[in-house]
Amino acid sequence: MVRNLSLSVLLLFSVLPVLSQQPILSPRDSAEMSFNGRWISVEYGSPVLRDKPVIGDYVPYNKVWRTGAGKATTLKTNADLRFAETEIPKGTYTLYTLPAPSNWKLIINKQTGQWGTVYNADLDLARIPLNERRIQRTVDQLTMSLEKNGERGGIFRIEWENTSLWVPFQILEDAFVASPRDSVELQLSGQMISVNYGRPFRRGRRIEGHVVPYNEVWRTGANEATTFRTEVPLTVRDVEIPAGTYSLYTIPAPRRWRIIINKQTGQQGTEYDRVQDLARITIEKETLKNPVDQFTILLEKTGEKSAVMRLMWEYFMISVPMNGSEGARNDGSMKGQ
């Protein structure tokens, strides 16, 4: 028995030097850039090709990808940023991507510290279109870089295999993000309902009928389209909304607004396709006595299976009643008015 133990120890020590020489398959790497005391950094796992097809194969299309390996890829910044047209408050985030044959999306998510395969869409702050081009040289190891582009701007770049993706960003001069993203959620019948939206400020402007014009489709927020997600089928003013993820638009008017539930998702708020409308629901406008400085969406529970979504800004409030429904089905037709 002693002889077998001694042999095992000898074998262990003979293998250790070999193991220590093996390369780490996906080492951690980072990129950082600073602007006069303000900085932005990315920390990620950097896998190698190892003679296998990557984009569209190892990294499949139309599925959220951790964009790295091992622990989740982390974005940190001590400055408010604008990525493309989307404003990102200073803080710490997780980066994911949604690969596609064209039109990749960069996902900035508020959950942090998790493993890279853990993804909660309800915590998405923004989904941002990425520029893409095919490069002749082959990038063997996933690489992320931050490149300066002007006094307060830069380029965030992701490259692997023969694919190069990038998005411009800018450090904002204002002390606050003009239209930061926010989200609200509640549970109805044990299932989650959530809204993710951009929150613009009044900044001394006339809002209703001006910044938010009458009789035109409004993105109902700022920057990326406002996302409405429900895990439970809903009934809104006798209109059935199946469980799913939608974009929320409105058509403001002096007396009655129309709430638009649209099946297209992930786009900028100014991109609206009426063909994708699931429902249009008319709601009476309410007038507030005291002004609301920052556009606000609230979800309030009114019963075990009922809730109300309130849209408020300046002196207007739109209250949208919702009830949990078991029988809603998505037949692809538009409902309501």
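Protection proxy ranking of 228-234, 109-115, by the mean of other Cβ atoms within 10 Å over each peptide's residues and highest first, is 228-234, 109-115.
Which value, in debye to the nearest 20, describes the size of the charge dipole of the chain about its Cα centre when Lys and Arg Cβ atoms bear +1, Asp and Glu Cβ atoms bear -1, and nothing else is charged?
Details: 42 positive and 37 negative charges, 22 e Å.
For this selection, approximately 100 debye.
Mean sequence separation of contacting Cα pairs (under 8 Å, at least six apart), scaled by the length of the range 114-249, corresponds to a relative contact order of 16 percent. What angle, in degrees between 0 and 90 and rounded to the nearest 10, separates the Cα long axis of helix 2-21 from the longest principal axis of the Cα atoms of the chain? Once rounded, one gets 60 degrees. Each of Thr302, Thr73, Gly269 was placed along the dipole of the chain (beta-carbon charges, centred on the mean Cα), and the one lying farthest toward the positive end is Thr302. Since only Gly244, Tyr197, Pro291 are under comparison, the one whose Cα sits farthest along the positive direction of the charge dipole of the range 181-336, derived from C-beta charges on Lys, Arg, Asp and Glu, is Pro291. Altogether, the Stokes-Einstein calculation at 4 °C and 1.567 mPa s, with the Kirkwood radius of the range 156-242 over Cα pairs as Rh, returns a diffusion coefficient of 77 µm²/s.
Computed over the range 181-336, the range of Cα coordinates on each principal axis works out to 45, 33, 28 Å, biggest value leading. Quarter the surface of the alpha carbon convex hull of the chain and you get the mean projected area, 24.8 square nanometres.
Report, in debye and to the nearest 20, how large the dipole of the range 181-336 comes out about its Cα centre when Lys and Arg carry +1 and Asp and Glu carry -1 on their Cβ. Before the final figure, lay out each step's value.
Values: 22 positive and 19 negative charges, 99 e Å.
That gives the range 181-336 a dipole magnitude of about 480 debye.
Sorting 55-67, 88-100 by average packing, meaning the other beta carbons within 10 Å per residue, from highest down gives 88-100, 55-67. In straight-distance terms, cross-link reach from Lys263 covers every one of the aspartates and glutamates whose alpha-carbon lies under 16 Å from its own, apart from those fewer than eight places away in the same chain; here that gives Glu224, Glu231, Glu240, Glu271, Asp273, Asp277, Asp331. Cross-link pairs exceeding 20 Å in C-alpha to C-alpha distance, out of Lys63/Lys148; Lys110/Lys148; Lys76/Lys148, comprise Lys63/Lys148; Lys110/Lys148.
Remark: C-alpha extents of the range 35-154 on the principal axes read 42, 33, 23 Å, sorted largest to smallest.
Can you give me the relative contact order of the range 25-171 as a percent, contacts being Cα pairs under 8 Å and 6 or more apart? If you can, show how the numbers build up before the last one.
Working: 357 pairs, mean separation 31.5, N = 147.
Relative CO of the range 25-171 lands at 21 percent.
Order these peptides, 31-38, 217-224, by their mean beta-carbon neighbour count within 10 angstrom, highest first. Could the numbers behind the result be given before it?
Details: 31-38: 13.4, 217-224: 24.0.
Top of the packing list down: 217-224, 31-38.
Normalised by the residues of the range 204-292, what does the relative contact order come to in percent, with Cα pairs under 8 Å and at least six apart? Don't skip to the answer; put the middle values down first.
Details: 164 pairs, mean separation 24.0, N = 89.
Relative CO of the range 204-292 lands at 27 percent.
Each Cα pair of the range 115-159 feeds into the Kirkwood radius, which the Stokes-Einstein equation turns, at 37 °C and 0.692 mPa s, into a diffusion coefficient of 239 µm²/s.
None of the figures in this text is laboratory data; all of them are computed from the coordinates on show. Nothing here was measured: the structure is a model prediction, and the numbers come from that model. So basically every Cβ, Gly included, is an ideal-geometry build from the backbone, and we count neighbours across all protein chains shown.
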